[in-house]
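Report on the following structure.
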Amino acid sequence: MLLQPFKTIGIGVTFSPNLKANVYEASRLSLMFQSKLVLIHVGEESLEKEDEFKTILDPFIKQGLRFEIVFKPGNPVDVILSISEEKQIDLIILGALKRENFLKYYVGSIARKITRLSKCSVLLLIKPSVDRIPCQHIVVNGLKDPKTKQTIASAFYVAHKLKPDRLTIVEEIRQTEVAIKVDDDKSLRMANIVKERIKLREETRIKTIIEDIPEEHTENIIIKSQPIFGRQGYSIGHYAQIVRADLLIMNAPSKMTFWDRLFPHDIEHILTELPTDVLIIQ
C-alpha cells in the first residue's frame with residue numbers, strides 16, 4: 001500500500017480565464033503532497049509563455065515547489081497522455097465545464113477522453129480558486145471491487161493532507177441484491193431484514209479495510225460508513241451532492257466497451273454531471 005501515491009502531479013495549462021486558479025490549485029496540492037508539479041502546455045515553446053507561467057508559480061516556488069514546464073504541440077488528448085507517461089505522472093488535474101445558465105458542471109470532450117484513457121489518477125475540478133477553500137467532507141466509494149481497497153487507502157492519504165472534518169465511505173448496493181417482491185407486510189419485513197443483513201455485511205467489510213490503513217491517516221477525522229441502495233455511480237454522486245461533499249473519490253472505470261458508451265454506468269454518471277470535485281484513483 002503506497003504511503004505517497006502522488007509523487008508527480010501534472011496539469012494541462014492554457015491561457016484561459018481559469019489559468020491562475022488552476023495553477024494555484026495544482027501548486028497547493030503539490031506542496032501538500034510533497035510532489036513535483038509538471039505544467040503541460042499544448043503548443044509551441046516561447047520565453048513569453050514560460051515567463052508568464054513562472055510569474056504565476058512564483059509564490060509557490062518561494063515555498064519550495066519543485067516544477068517543470070513542458071511544451072509540445074499536437075492533439076491535446078494525445079499530448080497530455082503521452083507527457084503523463086513520459087514524466088511518470090501519478091495524478092493529472094483537469095478542469096470541468098459549467099453548463100450555460102445552470103449551476104451544474106460536466107466533463108468536456110477532451111477531459112472525458114483523458115479520464116477514460118489515462119493510466120494515472122485524475123482530479124476533476126469544478127471551481128478552481130486562487131484562494132484556498134478548506135476541504136471539510138470527503139466521500140469515497142466503498143463498493144465491493146478489487147480496486148476499492150487502494151482507493152480507500154488513497155482517500156485516507158488525501159484526507160491526512162487536506163485535513164477535512166469527515167470522511168464517509170459509501171457502499172453502493174444494487175437493489176437486485178434484496179431480490180424480494182414486496183406486496184404485503186410479511187414480504188416488507190423480509191425485505192427489511194435482508195437489507196439490514198447486507199448493510200451489516202458491507203460495514204464489516206469496510207471496517208476490515210480501514211484496519212489496514214496507517215493510524216496517522218485515520219486519526220483526528222470522523223469516519224462514517226454509509227450503505228445505500230441504488231444504481232452504482234448515480235447513487236454516490238447524488239449522495240455527495242446532498243451532503244455537500246467537497247471531494248468525491250472513486251475507483252477508476254474498467255475498460256470501456258461500445259455498450260458502456262451507449263448505456264452509461266458507474267463513473268459515466270459522475271462525468272455527465274459532476275456533484276463536486278472528483279478524484280478518480282487509478
Provide the gained length on full extension for the span K20 to R189, in nm with one decimal, where the gain is 0.36 nm per separating residue minus the Cα-Cα distance. 55.2 nm
With label points built 7 Å along Cα→Cβ from the Cα atoms of D145 and D212, find their separation and express it in nm. 1.7 nm
Rounded to whole Hz and in sequence order, give me ³J(HN,Hα) for region 58-65 from the Karplus expression 6.51 cos²θ - 1.76 cosθ + 1.60, θ = phi - 60°, writing x for Gly and Pro. 3, x, 8, 4, 5, 8, x, 4
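List the trypsin sites (Lys or Arg not before Pro) within region 12-72 that fall in a DSSP loop (any state other than H, G, I, E or B) and whose Cβ has at most 11 other Cβ atoms within 10 Å.
Answer by residue number: K62.
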What FRET efficiency do you get for K54 and L117 if R0 is 41 Å and r is their Cβ-Cβ distance, rounded to the nearest 0.05? 0.85
Once amide H atoms are placed 1.01 Å from N in the peptide plane, what residues at a sequence separation of 5 or more from Q226, or on another chain, have their amide H within under 5 Å of its amide H? I169, V170, E171
Give me a comma-separated list of calculated 3J(HN,Hα) values for region 124-135, in order, Karplus coefficients 6.51, -1.76, 1.60 applied at θ = phi - 60°, integers in Hz, x for any Gly or Pro. 9, 9, 8, 9, x, 9, 5, 8, 5, 9, x, 8
Once R0 is set to 51 Å, what does the formula 1/(1 + (r/R0)^6) return for the Cβ-Cβ distance between E86 and E196, expressed as a FRET efficiency to the nearest 0.05? 0.50
Integer Hz, Karplus 6.51/-1.76/1.60 couplings in order for region 40-56, x for Gly and Pro: 10, 10, 7, x, 6, 7, 8, 5, 4, 5, 4, 5, 5, 5, 5, 5, 5
R0 of 51 Å, Cβ-Cβ distance D78-R244: FRET efficiency to nearest 0.05: 0.90
Between 0 and 90°, nearest 10: helix 19-32 axis offset from the chain longest Cα axis: 70 degrees
Amide H partners (placed H, <5 Å) of F6, local residues excluded: none
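Values quoted throughout were computed directly from the atomic coordinates according to the rules given, and no laboratory measurement underlies them. Every value quoted in this text rests on a predicted model; they were computed, and no experiment measured them. With ideal geometry, Cβ positions are generated from the backbone for all residues, glycine too; neighbour counts draw on all protein chains shown.
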